[in-house]
Amino acid sequence: MPGYRRRLSGGGSDHRGPCRSRGDIDEGVGLKLVSGADVRDFDPGDGRISTPHVARASAWSAAAPRSGSAPVLPALAPARAQAAPDWSEVVEHFREGLVVCDADGVVRHVSPVAERLLPEVAAGELLAAAGIGGLGRDDGAEFTHQGRRLRARRVALSAGRSCWYVEDVSDSVSRADALLAERARSAFLAVAGERLGNPLHPDRAAAAVVRLAVPTLAEVAVLVLAPRSGRARWWRASRADDDAPNVDRGVLAAADLPAAMIEALGGAEPHAVDWLVEQALEAGWLPGLDSADVCARVVPLPGREAPAGVLLVARRATRWYDHADVELIRAFAGRAGAALTTALLYRDQAEVADTLQASLLPVEPVEAPGVQWGTSYRPAQAGLRIGGDFYGSHRLADGGSVFFLGDVSGKGVEAAVFTGQLRQCLHALHRVEHQPGRLLKLLNDALLETTQAHGQGRFATMVLGVVRPHRDGGLSLTLAGGGHLPPLVLRASGEVEQVPLRGMLIGVVPDPRIGEVTVHLAPGETCLLYSDGVTEARGGRRGDDQFGTDRLMHAVSGCHRMPAPALAERIEQVTCDWLGHGDHDDIAVLALRATGPGGRPARHLHAVPTTTGPAAAEGPR
């Protein structure tokens with residue numbers, strides 16, 4: 001190549017000329033490597049001046065090629081020798097420890113990690129002599145050794161040798177166990193919350209609490225409700241062989257409760273578990289257990305203002321209550337306290353409601369000489385058992401009785417409350433006025449004052465009468481009407497009469513027009529009072545036909561021999577058959593029958609007459 005300057009290794013002077021042939025190289029002529037100075041003036045012919053890197057240039061042999069011959073690459077220089085790393089230094093940083101054994105089971109190598117995990121294993125000794133059970137299986141195992149959880153696996157090597165890989169999994173197992181325990185606690189609390197959300201009775205809620213506590217929290221669980229009227233009720237659940245806890249209950253005087261229970265009922269949580277167990281044993285709550293091998297805890301159950309009760313849990317000391325267990329018991333006690341508080345509140349409200357309902361329910365008429373009473377009552381809202389219809393009677397000093405049946409505006413609780421006010425007014429006013437018309441006007445004035453004071457705007461319809469017996473066994477009725485349906489009279493002949501009684505509503509105007517009429521009942525005859533829930537009952541084939549007065553009169557025709565209670569029940573039954581399953585208004589019936597001489601009604605074997613006519617023709621839906 002023109003311009004290429006080469007230096008022969010055998011000569012000391014520069015020579016310009018063509019490269020030597022390949023045969024020259026094969027003959028052993030040595031070539032000197034080209035240096036940077038040798039090619040500094042080299043022009044590649046593309047206009048660039050190239051200066052190769054020294055390291056890159058040294059990898060090549062400098063040979064002057066002859067014209068037309070290919071360039072020859074030099075032999076690579078040998079790499080600098082490096083020391084091989086110690087493999088024990090590498091395995092030192094393995095997470096797993098290594099124990100290498102030969103074909104006879106003799107330990108040949110123990111890595112530093114394995115030395116820390118298995119200090120009994122020594123090189124040169126049989127692995128079985130170390131007495132580590134987890135290393136005796138061919139497929140490895142997970143085992144506990146010196147308080148640590150280890151996982152071992154065996155790998156076969158060449159020439160019958162083997163290597164055991166041992167890993168410390170204590171932390172991961174602890175985390176997994178903690179996660180499983182937390183899931184179990186959450187599942188238990190979820191189930192407890194679901195089951196404790198249903199009972200609305202304190203007894204059922206208390207039994208559910210102790211039943212849920214066994215066996216998850218205790219072998220024996222005792223719940224003591226806050227004392228009431230000086231007595232405290234308790235429930236106990238104890239573990240049985242079939243895992244279904246046995247539940248029993250009892251009552252203690254508040255003064256006989258253990259001191260720990262009294263302290264917990266005050267809101268504190270006793271921590272002296274030694275004397276706590278002794279007190280529970282003295283109370284007889286821990287059957288079959290001994291104070292030496294029992295641990296117990298007491299937690300209050302949160303209530304509205306004070307704890308609703310106290311929960312005692314006890315089990316054998318082999319399972320001591322740690323911090324996690326105590327927190328679980330407190331969480332369970334919170335849910336149990338909420339359930340008991342709800343049940344107790346519901347009980348208190350139910351007691352109030354029952355008391356109010358008892359005071360608002362129609363009162364059965366008092367016995368009167370020569371009179372047989374018959375009543376029937378069905379409120380529109382059967383669940384409340386109260387409504388806006390009412391009836392009753394009061395004895396008079398002269399031997400007679402004041403009786404009444406009425407209907408107030410509206411339905412449900414508000415109507416029942418207004419009914420109670422009206423009945424209380426009647427109870428007071430009949431002592432100062434016996435004449436039905438004037439008594440009804442006094443009642444009108446009292447209701448006007450009450451409704452105006454409360455801004456209710458309610459009114460009522462009513463039939464009010466005074467009954468007095470005659471010597472012949474008959475009855476004399478003086479009736480006053482206040483906008484109510486006229487009564488019916490069942491004569492001894494079987495005829496049904498409608499009493500022409502009219503009047504204005506009660507509680508609307510200051511001076512209403514009150515109708516008044518006198519009716520005489522012979523022995524065996526009956527006067528029937530009823531509310532509009534009977535005549536306005538809608539049913540029949542089409543479902544919207546009113547029962548009406550005509551159907552009522554036809555339904556009672558032929559019933560003149562029936563006792564008053566049976567007659568009232570028949571009217572209710574006929575009305576309900578007409579209704580089918582439809583909605584209805586309050587239904588009230590009051591029947592009074594003249595019993596005849598001697599004050600006892602005649603006994604008849606008379607069945608209910610066969611119904612014919614429009615009521616039977618259309619029938620119930």
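Just so you know, all these numbers are worked out from the coordinates, no wet-lab data involved. In this text the structure is predicted, and so the values were computed from the model without any measurement. Glycine gets a Cβ as well: all are built from the backbone with ideal geometry, and neighbour counts include every protein chain shown.
Couple of notes before you dig in:
- Integer Hz, Karplus 6.51/-1.76/1.60 couplings in order for the stretch 314-326, x for Gly and Pro: 9, 7, 5, 5, 5, 10, 5, 6, 8, 4, 5, 5, 5
- Computed packing ranks the peptides 191-204, 99-112 as 99-112, 191-204, most packed first, by mean other Cβ atoms within 10 Å.
- Inter-label distance for Asp248 and Ser229, nm, one decimal - labels placed 7 Å from Cα along Cα-to-Cβ: 2.5
- Residues in the stretch 459-473 carry Karplus couplings, in order, of 8, 8, 10, 7, 10, 10, x, 10, 10, 9, x, 9, 5, 7, x Hz; the curve used is 6.51 cos²θ - 1.76 cosθ + 1.60 with θ = phi - 60°, and Gly or Pro positions show x.
- The alpha carbons of the stretch 362-618 occupy a box of 52, 50, 30 Å along the principal axes, longest dimension given first.
- Qualifying chymotrypsin sites (Phe, Trp or Tyr not before Pro) in the stretch 259-362, DSSP loop, other Cβ atoms within 10 Å at most 12: Trp320
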